[in-house]
There are 2 protein chains.
Amino acid sequence: MRIVEIHERNASISSSIRNAYIDFSRMTVSVVALITDVVRDGSPVIGYGFCSNGRYAQGGILRERFIPRIIEADPESLRADAGDNLDPFKIWNTFMANEKPGGHGDRAVAAGALDMAVWDAVAKIAEQPLWRLLSARYNHGQCDQRVLVYPGGGYYYPGKELAQLQEEMRGYRDAGYRVVKMKIGGADLDTDLRRIEAVLEVVGDGRNLAVDANGRFDLPQALAYGEAMRGYDLCWYEEPGDPLDYLLHATLAQHYPAAIATGENLFSHQDLVNLLRYGGLRPDRDWVQLDPALSYGLTEYLRVVEATEAHGWSRRRLIPHGGHQLALNIALGLQTGGSESYPGVFQPFGGFADDVPIVDGYTVGHDTPGIGVERKQDLYAELQRLTGD
Amino acid sequence: MRIVEIHERNASISSSIRNAYIDFSRMTVSVVALITDVVRDGSPVIGYGFCSNGRYAQGGILRERFIPRIIEADPESLRADAGDNLDPFKIWNTFMANEKPGGHGDRAVAAGALDMAVWDAVAKIAEQPLWRLLSARYNHGQCDQRVLVYPGGGYYYPGKELAQLQEEMRGYRDAGYRVVKMKIGGADLDTDLRRIEAVLEVVGDGRNLAVDANGRFDLPQALAYGEAMRGYDLCWYEEPGDPLDYLLHATLAQHYPAAIATGENLFSHQDLVNLLRYGGLRPDRDWVQLDPALSYGLTEYLRVVEATEAHGWSRRRLIPHGGHQLALNIALGLQTGGSESYPGVFQPFGGFADDVPIVDGYTVGHDTPGIGVERKQDLYAELQRLTGD
């Protein structure tokens, strides 16, 4: 049993959307195919992975550092002790060899794509959906039958009007979502308040609406938005300021009574620990949103869950960012608080299996081996290009 | 006045050395040449840059993100308002456009190489040594005539014995250095104490010796080494633990009375601020060692100096890591506490101008325009390969 080849390439997820910080007109991701010599159903098992959106493809790091370290390793050193599967932890340690501590950025994104391909292969070799394998191995066999999902949307499309924003949100509600999310901070406060109120006309209760500033605000702005929004009793107020400005979050949490969410731009369990130590977040209401496909993969996310609980927080306060199938598998099998969803953007990487419905704001798992990428037709077509099929 | 072309490629700085965390047998750096249409002394001005050691070349990020953004920008938008030079801040903002906040890792390294080339060009266009330009623009004309330097050495060469370690340290002392540094944490405590005592036989006073654990220790190990070393009254105890584990540093600082140093694996002013807020370091004795050629360049290092002083610390507590000429220019022109030096390793990128001596542990500046890479023959030869000369 061995890894025969690892292919990677860049794929475009360009979009005309923008948030308060960046536009996505040239956004790319890395996609990875990990080909094994294990045969299931008459074909070699191939694990597929991709990095999540927002931080660009990482082909340089994959080609020059991570992939050669795996290919040059003794195959025996990458196998589980029982010899019946690959060992994702040994593989992770192998591709991270001779990498210094700290500096968790693009490297974490490259690892996110590669580690996803490893876990997809491991679950396929075990002939189980990944969420079921996670439940059995790391969650005492417990899992959730359905997962709270919310669409990351409400961007500032150039020229978008309030009516169009309402139309988008009606679309999400018609598709079965209950909680929706919209961007703020890309306009002035008055404009954003009008946008929020327009969306509240569609979704009713503020508990059905999260807002996302994408790290744009300094402390006075974060506090001013918090003060202006407190009457809405929103589902959460996401990324109010720079993701590393823990003092800003701690100060906001003393003034803003409703929930705060952050973490999609923290890329390691070390950074998560600092958020929990210094960010002043409240374990009874706030949310932590690290994205496993941006932050060293599921292998590191298991450390994230462990560190979260070691700091006295429930894993239910974790909602992985990214809206991809890896996050959904994690939410099901490890019982986090939910998963983001991207039904409309970042295609074909956003969204879940084609035939799995969203009902009353929840979705369910798939029943095929692996992460489930084969169950999303446009995604699978993109991934198959890696192996020349 | 415009940037005509930007070339980049990988260069090897492989070495058989290792520290407590990684080996350097496949270490690479990115080198950059920024060609302008400005003519000085009959030739186009070319700015050269390279990233510092330890975090690998970053060609993917340079080629796919940073360089295209500069080349596609309106040249007018990259010029200083007076029209007489390039503006490094405008260029930095241009290549960092559409980059999300947080995640300061490989991207910061790529920026370090590119930003160095920009500043080299700017100083050459201004016909001044970079340190003099920094003094005039950002330090009220003040500068240092000489800079404290220390060699980063004392690695665990495979098979190295105590006698060889002493020999290496005698070499540094003979070359004019007073303070030397050695690695710890790559062996057990007893072995490291024997190595420290062997070096103290050469350098005499503990104030002439710094030790560097390269982030290897957990808290109990960091405390145990601190307890065992306190009698030596060492110059400093560097990178005791994970660079992001601020609580470890704060705890150690309560137990270890002599100086602590850290920061070479923090890559942004945001991370520096967290170190100052939460790391418990003591402004009267401890040292902060961010490396400008790993952490978004001199442009970001000006923010580092500003944030350091805003937190009530003297810029004299900053000693840039890396042992390269950019760090030396910064130390001279901005009056930090000193600069690392690599007379023996990471060649040809480590070390200063060929004809500038080290005397009594200090060195002096160069007098030619730019950073001074043309004054280091082997480095200049390597950089010239970028433009096909």
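Does any residue in segment A:264-275 that is within 8 Å of chain B (Cβ to nearest Cβ) and under 8 Å from residue A:304 (Cα atoms) come within less than 9 Å, Cβ to Cβ, of a residue that is of a type outside the set (Gly, Ala, Ser) and part of a helix (DSSP H, G or I) six or more places away or on a different chain, and which pairs are these? Once the first residue is within 8 Å of chain B (Cβ to nearest Cβ) and under 8 Å from residue A:304 (Cα atoms) and sits in segment A:264-275, its partners that are of a type outside the set (Gly, Ala, Ser) and part of a helix (DSSP H, G or I) give A:268/A:300; A:268/A:303; A:268/A:304.
Cβ-Cβ distances below 8 Å connect the following pairs, each with a first residue in segment B:368-389 that is over 17 Å from residue B:51 (Cα atoms), a second residue that is part of a helix (DSSP H, G or I) and among the hydrophobic types (A, V, I, L, M, F, W, C), and a separation of six or more residues or different chains: B:369/B:123.
For segment A:238-247, check the following and say yes or no: at least one residue is more than 14 Å from chain B (Cβ to nearest Cβ) and either at pLDDT 95 or above or touching a Lys or Arg at 6+ places or on another chain (Cβ under 6 Å) (or both). No: zero hits. Across segment A:214-233, which residue is nearest to the other protein chains (Cβ to nearest Cβ) among those that are surrounded by 23 or more Cβ atoms within 10 Å (Cβ to Cβ) and of a type in the set (A, V, I, L, M, F, W, C)? Applying the filter and picking the extreme gives A:217.
From the list A:281, A:244, A:298, A:272, the one residue that fits, being of a type outside the set (Asp, Glu) and within 14 Å of the chain's Cα centre (by Cα), is A:298. Evaluation of residue A:187 against the conditions (1) in a loop (DSSP other than H, G, I, E, B); (2) more than 20 Å from residue A:288 (Cα to Cα); (3) in contact with a strand residue (DSSP E or B) (Cβ under 9 Å, 6 or more places away or on another chain) shows that the sole unmet condition is (3).
Here residue B:71 passes the criteria (1) out of contact with any Gly (no Cβ under 7 Å at 6 or more places or on another chain); (2) buried (at least 18 other Cβ atoms within 10 Å of the Cβ); (3) touching a residue at least 40 places away in the same chain (Cβ under 8 Å) except the one numbered (2). Every condition in (1) free of Cβ contacts under 8 Å to residues at least 60 places away in the same chain; (2) surrounded by 15 or more Cβ atoms within 10 Å (Cβ to Cβ); (3) closer than 22 Å to residue B:230 by Cα is met by residue B:183 except one, and the failing one is (1). If you go through segment A:169-178 and pick out every residue that is out of contact with any Ser or Thr (no Cβ under 9 Å at 6 or more places or on another chain) and surrounded by fewer than 20 Cβ atoms within 10 Å (Cβ to Cβ), you end up with 5.
Taken over segment B:15-43, the criterion of being surrounded by fewer than 23 Cβ atoms within 10 Å (Cβ to Cβ) and within 11 Å of chain A (Cβ to nearest Cβ) is satisfied by B:18, B:20, B:21, B:22, B:23, B:24, B:25, B:26, B:27, B:28. Filtering A:345, A:359 for residues that are surrounded by fewer than 24 Cβ atoms within 10 Å (Cβ to Cβ) and within 21 Å of residue A:12 (Cβ to Cβ) leaves a single hit, A:345. Selection of segment A:316-339 for residues being touching a strand residue (DSSP E or B) at 6+ places or on another chain (Cβ under 8 Å), surrounded by fewer than 24 Cβ atoms within 10 Å (Cβ to Cβ) and not small (Gly, Ala, Ser) yields only A:317. Applying the set (1) in contact with a Cys (Cβ under 8 Å, 6 or more places away or on another chain); (2) over 24 Å from residue A:343 (Cα atoms) to residue A:293 leaves exactly one unmet item: (2).
Table: residues versus (1) in a helix (DSSP H, G or I); (2) more than 26 Å from residue A:187 (Cα to Cα).
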position	(1), (2)
A:229	yes, no
A:250	yes, no
A:258	no, no
A:277	yes, yes
A:280	no, yes
A:284	no, yes
A:320	no, yes
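Scanning segment A:306-317 turns up no residue that is within 23 Å of residue A:29 (Cβ to Cβ), of a type in the set (S, T, N, Q), more than 14 Å from chain B (Cβ to nearest Cβ) and not in a loop (DSSP other than H, G, I, E, B).
Only one of the numbered conditions (1) at pLDDT 95 or above; (2) in the same structural domain as residue B:217 (by TED's automatic domain parsing); (3) crowded, with 22+ Cβ neighbours inside 10 Å is violated by residue B:123, and that is (2).
Would you be able to say whether some residue in segment B:212-227 is in contact with a Lys or Arg (Cβ under 8 Å, 6 or more places away or on another chain) and within 20 Å of residue B:337 (Cβ to Cβ)? Within segment B:212-227 (the criterion being in contact with a Lys or Arg (Cβ under 8 Å, 6 or more places away or on another chain) and within 20 Å of residue B:337 (Cβ to Cβ)), the answer is yes, since at least one residue qualifies. Scanning segment A:157-184 for residues being charged (D, E, K, R) and assigned to a helix (DSSP H, G or I) gives a total of 5. Of a type outside the set (Lys, Arg), closer than 24 Å to residue B:9 by Cα and in contact with a His (Cβ under 7 Å, 6 or more places away or on another chain): is that true of residue B:33 in this structure? The answer is yes for residue B:33. Looking at B:112, B:141, B:152, just one residue is over 27 Å from residue A:103 (Cβ atoms) and of a type outside the set (D, E, K, R), and that residue is B:141. Please go through segment B:338-375 and pick out each residue that is of a type in the set (D, E, K, R), in contact with an Asp or Glu (Cβ under 9 Å, 6 or more places away or on another chain) and either not assigned by TED's automatic domain parsing to the domain that holds residue B:149 or not in a loop (DSSP other than H, G, I, E, B) (or both). B:340, B:375, listed by residue number. For segment B:269-280, a residue qualifies if it is buried (at least 17 other Cβ atoms within 10 Å of the Cβ) and either of a type in the set (D, E, K, R) or touching a helix residue (DSSP H, G or I) at 6+ places or on another chain (Cβ under 6 Å) (or both), and the qualifying residues are B:269, B:271, B:272, B:273, B:278, B:279, B:280. Quick one: would you say residue B:290 is within 25 Å of residue B:207 (Cα to Cα), more than 14 Å from chain A (Cβ to nearest Cβ) and not in a helix (DSSP H, G or I)? The answer is no for residue B:290.
The values are calculated or read from the model by the stated rules, or taken from the named source; none is laboratory data. Because the structure is predicted, anything quoted here is derived from the model rather than measured. Using ideal geometry, Cβ is built from the backbone for each residue, glycine included, and neighbour counts are taken over all protein chains shown.
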